[in-house]
Amino acid sequence: MVIMYIMTRNLSVAVDLDSPTPAYRQIIDGLRVHFVEGNLRPGDRVPSVRELASDLGLHFNTVAEAYRELAAEGWLRLDRGRRGARVVERLRTTGTGGDSVKLVRRLRGVVAEARAGGLSVRDILNVLAALRKELESASP
């Protein structure tokens, strides 16, 4: 079962409760896409922990864990109370060899999950090719 939280007509966060990926990780990944693509910019407010948890039907600690991790990565400033969190200006970091190893490990997991879910190798390659085109067109 997929639950979607709509922030605006162009921004949403989806959580698939049937996925082996923990819900907090899905929230992190969903918001990170919006940060990287510029859909959420410094100064923008994200929903409070309780608001997002309530709308997704999750425990507030699940959302709080996602927000803490995003804050540790430098994406969010957490505000006390019901004001939620704000996106902050994040310094660009340069990747290391270890980052590439982590990326490959995560991609292997995603590919394995896709194959276990019934996608063919050809389907996965088509998705990756489309993603590559998106990345190339978005590169500065």
Worksheet item: If one computes the Cα centroid of region 40-71 and of region 98-140, what distance in Å separates the two points?
Response: 26
Item to complete: Using only alpha carbon pairs under 8 Å that are at least six residues apart, calculate the relative contact order of the chain and give it in whole percent.
Response: 16
Discussion item. Can you classify region 2-87 as rounded, prolate or oblate using the Cα gyration tensor, where a ≥ b ≥ c are the square roots of its eigenvalues, rounded means a/c under 1.5, and otherwise it's prolate if a/b beats b/c and oblate if not?
Written reply: rounded
Fill in: Proxy reagent accessibility, fewest Cβ within 10 Å first, across Ile27, Ile6, Ile124
Ile6, Ile124, Ile27
Worksheet item: Among all helices in the chain defined by DSSP H, which have a length of 15 Å or more along the axis from Cα atoms plus a Kyte-Doolittle mean of at least 0.0?
Response: 23-36, 60-72, 121-138
Practice prompt. Starting from the alpha-carbon convex hull of region 13-140, give the projected area averaged over all orientations, in nm².
Written response: 8.9
Worksheet item: Among Leu58, Ala71, Val36, which residue has its Cα positioned farthest towards the positive end of the charge dipole of region 2-87, with +1 placed on the Cβ of Lys and Arg, -1 on the Cβ of Asp and Glu, and the dipole taken about the Cα centre?
Response: Ala71
Worksheet item: Say we join alpha carbon atoms closer than 10 Å with springs in a Gaussian network model of the chain; which of Gly43, Gly74, Gly117 then has the biggest fluctuation?
Response: Gly117
Practice prompt. Taking amide H positions as placed in the peptide plane 1.01 Å from N, state which residues far from Asp16 in sequence (5 or more) or on other chains have amide H under 5 Å from it.
Written response: Ile3
Worksheet item: What list do you get for Val111, Val104 if you sort them by fewest beta carbons within 10 Å?
Response: Val104, Val111
Worksheet entry | Highest-MSF residue in the chain out of Leu103, Leu56, Leu11 [GNM, Cα springs under 10 Å] | Leu103
Response to the item:
If every Lys and Arg gets +1 and every Asp and Glu gets -1 at its Cβ, then about the Cα centre region 2-87 yields a dipole, in debye to the nearest 20, of 460
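Any read-out appearing in this document is the output of simple, stated calculations on the displayed coordinates, not a laboratory observation. Remember, predicted model here, so these are calculated numbers, not experimental data. So basically every Cβ, Gly included, is an ideal-geometry build from the backbone, and we count neighbours across all protein chains shown.
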